Amino acid sequence: MHNSPSTRLRLVTANSAGWPGWTEASDDFLQDLSIRQYSPYTINWYRSILSPFVRFLGDDGSKCLPSRVDEVLARGFIADISLHGASGRGPLGAKRQNDYRDGLHLFWRWLLEHDYATANPWEHVAKAREGRKIIATLTSTQIKALLDQPPIHLFVGLRDFCFMMLLLDTGLRLSETLSLQLPDLDLGQATVKALGKGNKERVVGISSRMLNELEAYRQNRAKALEGIGMGGSPWLFPNDIGGKLTPKAFQVRMRAYGDKAGISGVRVSPHTLRHTHAVNFIRSGGDAFYLQRILGHSSLEMTRRYCEVADEDAISRQRELSPLHTMDLPLSRQRRMKMIPEWKCS
C-alpha cells in the first residue's frame, strides 16, 4: 500500500503543516545522496544549487515549504539570477542558469518520489539557450613549455610533472586522478583503474612513455614519503605532508606553471589537459565510441563535440594540402590575358 505523505515524513523533522520545511527536505535529500554513495563533489554541487534558492525565497515561512513553491516562483528565481547572479555579484550566463534549473528540477523529482511535494514547479521552465563554446586545447608547443616548469629535482615538482603527464596520457578527470591509490596502478599490465562518476570503475591504458615515468616516480615517491615518516600513505599523488592532494591546490599550481610558461589564450587547467587528450585522440584516428569509454562519459554527446573539433581540423588541413596550395601552379594574374570580348545578344 502506498504510504501517505504524513506517514512518509520523519516525525522528528516534520513541521506543523504536515510537510517538511526547506531545511528538513534538503538535509534529507543530501543525506540520501550520501547513502547512495554519490561523490562529495556531486553533493557539494547540489548544496551550492539549493542554497541560493533558499535565499531568494526569504524568510516567509509559507514560501520556504518546498511543497508550496510554484512555477511563478521558479521562473522568478531564474529571472533574478540571470540579472543579479546567485549571490548578487552580477548576471549569470546561460550555462550556469541551466545548472540551477536542472539541479532544482532534479531535487523536486526527488521530493515527488518521497511524497514531499505534489508537483514539480520546474517541469515547464525552459532552459536558457546556450551559445556554442569552442573546446580549447593546448598546442604541442604549449604543452612542452608547461611540462618544463615543475622543478623535478624536488619531489613535489616531480609529482606535479607526472600528474600532468598522466592527465594528458589518459584523459582522466582531476577528481579521478586525485583519488588514485597505489593498488590502482598496474605497471605490469600498463593500466590504471579510475573511480568515475556514480562510483563507476573503469580501466584505462597507459602509454609506454608514461609507464617509464611512473616507474621512476614510484621509487622517488617511496623515498620522499619515508623521509617525512609517511611511508604508509596510500595516495599515488600525495600532498606535501603525505595526505590527499586537494583539487584547489593542484589547480593553483597548474595556473602558476602556465603563467611561468607564458601560455595565454587558453585556460591552463587539469580539464584542459583532458580536452587535449580527447581531441588529439580523434585527430589521430581514434574511435569515438572507444573515447567515450576512456573518458567515462555516459553518452556520446560530449564525444561528438570532440569529433566536431577534429572535423574542423580536417577542413583546415584540407585547405592547407589542396593541390592549388602545394603545387607550383600559375595564377591568372601571372599570365598575360587577352581582352575578353563582351557578349552580344543575338
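Structure values in brief
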{"quantity": "Residue list for segment 179-220, restricted to those being out of contact with any Asp or Glu (no Cβ under 6 Å at 6 or more places or on another chain) and among the polar types (S, T, N, Q)", "calculated": "SER179, GLN181, GLN189, THR191, ASN199, SER208, ASN212, GLN219, ASN220"}
{"quantity": "Unmet criterion (only one of (1) of a type outside the set (A, V, I, L, M, F, W, C); (2) closer than 23 Å to LYS127 by Cα; (3) surrounded by fewer than 17 Cβ atoms within 10 Å (Cβ to Cβ)) for GLN37", "calculated": "(2)"}
{"quantity": "Of the criteria (1) at pLDDT 90 or above; (2) within 30 Å of LEU30 (Cβ to Cβ), which one SER87 fails", "calculated": "(1)"}
{"quantity": "Segments classed as helices (runs of 4 or more DSSP H), wholly inside segment 106-210, with at least 3 members that are in contact with a helix residue (DSSP H, G or I) (Cβ under 7 Å, 6 or more places away or on another chain), open to solvent by less than 40 Å² (accessible area, probe 1.4 Å) and under 18 Å from PHE237 (Cα atoms)", "calculated": "155-170, 174-178"}
{"quantity": "Counted residues, segment 277-289 - those being loosely packed, with under 15 Cβ neighbours inside 10 Å and at pLDDT 70 or above", "calculated": "2"}
{"quantity": "Residues of segment 74-95 classified as farther than 11 Å from PHE53 by Cβ, open to solvent by 50 Å² or more (accessible area, probe 1.4 Å) and either in a loop (DSSP other than H, G, I, E, B) or in contact (Cβ under 8 Å) with a residue 12 or more places away in the chain (or both), total", "calculated": "6"}
{"quantity": "Identity of the residue in segment 1-34, small (Gly, Ala, Ser) and either exposed (fewer than 14 other Cβ atoms within 10 Å of the Cβ) or not in a helix (DSSP H, G or I) (or both), that ends up modelled with the lowest pLDDT", "calculated": "SER6"}
{"quantity": "Residue that is surrounded by the most Cβ atoms within 10 Å (Cβ to Cβ) [pool: residues in segment 244-255 that are without any contact (Cβ under 8 Å) to a residue 60 or more places away in the chain and out of contact with any Ser or Thr (no Cβ under 9 Å at 6 or more places or on another chain)]", "calculated": "ALA249"}
{"quantity": "Residue tally, condition buried (at least 17 other Cβ atoms within 10 Å of the Cβ), within 20 Å of LEU154 (Cα to Cα) and either in contact with a Lys or Arg (Cβ under 8 Å, 6 or more places away or on another chain) or not aliphatic (A, V, I, L, M) (or both), over segment 256-271", "calculated": "2"}
{"quantity": "Unmet criterion (only one of (1) open to solvent by less than 40 Å² (accessible area, probe 1.4 Å); (2) of a type outside the set (A, V, I, L, M, F, W, C); (3) outside any loop (DSSP other than H, G, I, E, B)) for GLU215", "calculated": "(1)"}
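The values are calculated or read from the model by the stated rules, or taken from the named source; none is laboratory data. These numbers were taken from a predicted model, which means no experiment stands behind them. All Cβ positions, even for glycine, are placed from backbone atoms using ideal geometry, and neighbour counts span all protein chains on display. Accessible surface areas use protein heavy atoms only, side chains included; no ligands, DNA or RNA. Shrake-Rupley method; radii C 1.70, N 1.55, O 1.52, S 1.80 Å.
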